[in-house]
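Readers should treat all values here as calculations from the given coordinates under stated rules, not as data from a laboratory. Note that the coordinates shown come from a computational prediction; the quantities given were computed from them, not determined experimentally. Neighbour counts are summed over all protein chains in view; Cβ atoms, including those assigned to glycine, are modelled from backbone coordinates with ideal geometry.
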Amino acid sequence: MRFVKSSIAVLFMVVSTSALSASSTFISKVERVLLDDSDFAGCMVLLRPFPASELPNCAPNWATLDCLKLFPESTGSIASNKLAQAQLALVTGRTVKLRVTDTRIANGYCFAQRIDVMEVRD
């Protein structure tokens, strides 16, 4: 009986955590790129605009790219490629399309699961 109660409690926590989590896909400009040896999961981007109203659990304006591979879905090559995309957008002034989630947070900053550099249109 105790096992059943524990299992139900764990199941409820998993379901409620995912129900409270949010993801947002939005268009933004990369204004800065930050690299750090130990904080912020290693690298972050400063984004304008940042949808704080859609991601209230995230510290505003910045998103981590997880260059330190703290999150289970991160790999070194993917994080490096996301960082390269962010740097490309910063240098060229192009906008990016990002998917940011609060299911993974480093020092209060949410994780950018995806970053696409947008095409320049005339």
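Taking the stated definitions as given, is T64 more than 11 Å from S28 (Cα to Cα) and surrounded by 13 or more Cβ atoms within 10 Å (Cβ to Cβ)? It is true that T64 is more than 11 Å from S28 (Cα to Cα) and surrounded by 13 or more Cβ atoms within 10 Å (Cβ to Cβ). Give the residue that is nearest to P56 (Cα to Cα), with candidates limited to residues of segment 81-105 that are of a type in the set (A, V, I, L, M, F, W, C) and surrounded by fewer than 21 Cβ atoms within 10 Å (Cβ to Cβ). Applying the filter and picking the extreme gives I105.
Among the residues of segment 26-63, just one is closer than 22 Å to E119 by Cβ and among the hydroxyl-bearing types (S, T, Y), namely S28. Selection of segment 21-70 for residues being among the small types (G, A, S), without any contact (Cβ under 8 Å) to a residue 60 or more places away in the chain and on the phi < 0 side of the Ramachandran plot yields S38, A52, S53, A59, A63.
Please work out which residue is surrounded by the most Cβ atoms within 10 Å (Cβ to Cβ), limiting yourself to segment 68-77 and to residues that are under 13 Å from F111 (Cα atoms) and not acidic (D, E). Among those residues, the one meeting the criterion is S74. Which of the residues that make up segment 20-48 are crowded, with 17+ Cβ neighbours inside 10 Å, within 13 Å of K97 (Cα to Cα) and touching a Lys or Arg at 6+ places or on another chain (Cβ under 8 Å)? Of everything in segment 20-48, those that are crowded, with 17+ Cβ neighbours inside 10 Å, within 13 Å of K97 (Cα to Cα) and touching a Lys or Arg at 6+ places or on another chain (Cβ under 8 Å) turn out to be S24, S28, V45, L47.
Could you grab me the full set of residues in segment 77-122 that are small (G, A, S), closer than 19 Å to D36 by Cβ and not in a helix (DSSP H, G or I)?
Going through segment 77-122, the residues small (G, A, S) turn out to be 77, 79-80, 84, 86, 89, 93, 106, 108, 112.
Going one step further and asking which of them are closer than 19 Å to D36 by Cβ, we end up with 79-80, 84, 86, 106, 108, 112.
Result: A106, G108, A112.
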